[in-house]
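The structure appears right after this line, and notes come after that.
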Amino acid sequence: MSEIKIFDNIISIEQQNNIINTFLSNDFPWFYLSDITNPFKKNQKRHALSHGFIKNGKLNSNYFGYVEPIIKNVIEKLKCEKAVLREAISFLQFPLNIETDKLDTPHIDIKDSHVVFLYYVTDNEAHTIIYLDDKFKKYKKIQPKQGRLVVFPGSLWHTAEQPTKNIRCIINCNVINEKE
């Protein structure tokens, strides 16, 4: 896959609302990250919460059933029958009062050849930035919109703006296509 694709309403409105109501409830288990891009380096101190559904190809959460329809629908649309889900993690960011650059550190999720499925749980103002060159000069900005899914090659560096008004909740999936 060599291009960026956007699918709006990849799942039904009912499923979208079910995810929102579950993920933003008091019962959903979120885990603290000291820095959303790299919690081990703590460079930007952009705190967030995360929930890992799949880690290293293994089920890690009883809540995977909320993510599964998203993955099945996009795999069907892309016709990639041999796709293997390597990682599926949700992130929840809160607006922070930050005086510096509002972009998080650009990154690539995993080293292996993969495709990123990025699903927006909620609308918000913090765009996803996908860089189209190695110098970070050319890029595509994606507006987060509830029910929207963005698919792009995992080799593309990407980042996000820091939310300033609303929470930013996403589901990030890294998929390996066994055909490649």
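The values are calculated or read from the model by the stated rules, or taken from the named source; none is laboratory data. Keep in mind the model is a prediction, meaning the values are calculated, not measured. Using ideal geometry, Cβ is built from the backbone for each residue, glycine included, and neighbour counts are taken over all protein chains shown. Remember, those area values only see protein heavy atoms, side chains included, never the ligands or the DNA or RNA. Shrake-Rupley method; radii C 1.70, N 1.55, O 1.52, S 1.80 Å.
Among the residues of the stretch 25-48, those identified as assigned to a loop (DSSP other than H, G, I, E, B), modelled with pLDDT under 95 and open to solvent by 70 Å² or more (accessible area, probe 1.4 Å) are Phe40, Lys41, Lys42, Asn43, Lys45, His47. Going by the conditions given, is Lys77 open to solvent by less than 90 Å² (accessible area, probe 1.4 Å), charged (D, E, K, R), touching a strand residue (DSSP E or B) at 6+ places or on another chain (Cβ under 9 Å) and modelled with pLDDT of 90 or more? Criteria not met by Lys77. What are the residues in the stretch 156-180 that are under 26 Å from Ile75 (Cβ atoms), touching a Pro at 6+ places or on another chain (Cβ under 6 Å) and either open to solvent by 40 Å² or more (accessible area, probe 1.4 Å) or at pLDDT 95 or above (or both), if any? Answer for the stretch 156-180, where residues must be under 26 Å from Ile75 (Cβ atoms), touching a Pro at 6+ places or on another chain (Cβ under 6 Å) and either open to solvent by 40 Å² or more (accessible area, probe 1.4 Å) or at pLDDT 95 or above (or both): just Trp157. Residues that are open to solvent by 30 Å² or more (accessible area, probe 1.4 Å), of a type in the set (D, E, K, R) and at pLDDT 95 or above within the stretch 87-125 comprise just one, Asp123.
Scan the stretch 129-155 for residues that are at pLDDT below 95 and either in a loop (DSSP other than H, G, I, E, B) or buried (at least 19 other Cβ atoms within 10 Å of the Cβ) (or both) and the total you get is 9.
Being in a loop (DSSP other than H, G, I, E, B) and under 26 Å from Gly57 (Cα atoms), is that true of even one residue in the stretch 169-179? Break it down stepwise before answering.
The initial filter retains those residues of the stretch 169-179 that are in a loop (DSSP other than H, G, I, E, B), namely 178-179.
Restricting the remaining residues to those that are under 26 Å from Gly57 (Cα atoms) gives 178-179.
There is at least one residue in the stretch 169-179 that is in a loop (DSSP other than H, G, I, E, B) and under 26 Å from Gly57 (Cα atoms).
For the stretch 55-74, filtered to residues that are touching a helix residue (DSSP H, G or I) at 6+ places or on another chain (Cβ under 9 Å) and outside any loop (DSSP other than H, G, I, E, B), the residue that is surrounded by the fewest Cβ atoms within 10 Å (Cβ to Cβ) is Pro69. Scanning the stretch 1-24 for residues that are free of Cβ contacts under 8 Å to residues at least 24 places away in the same chain and part of a loop (DSSP other than H, G, I, E, B) yields a single hit, Ser12.
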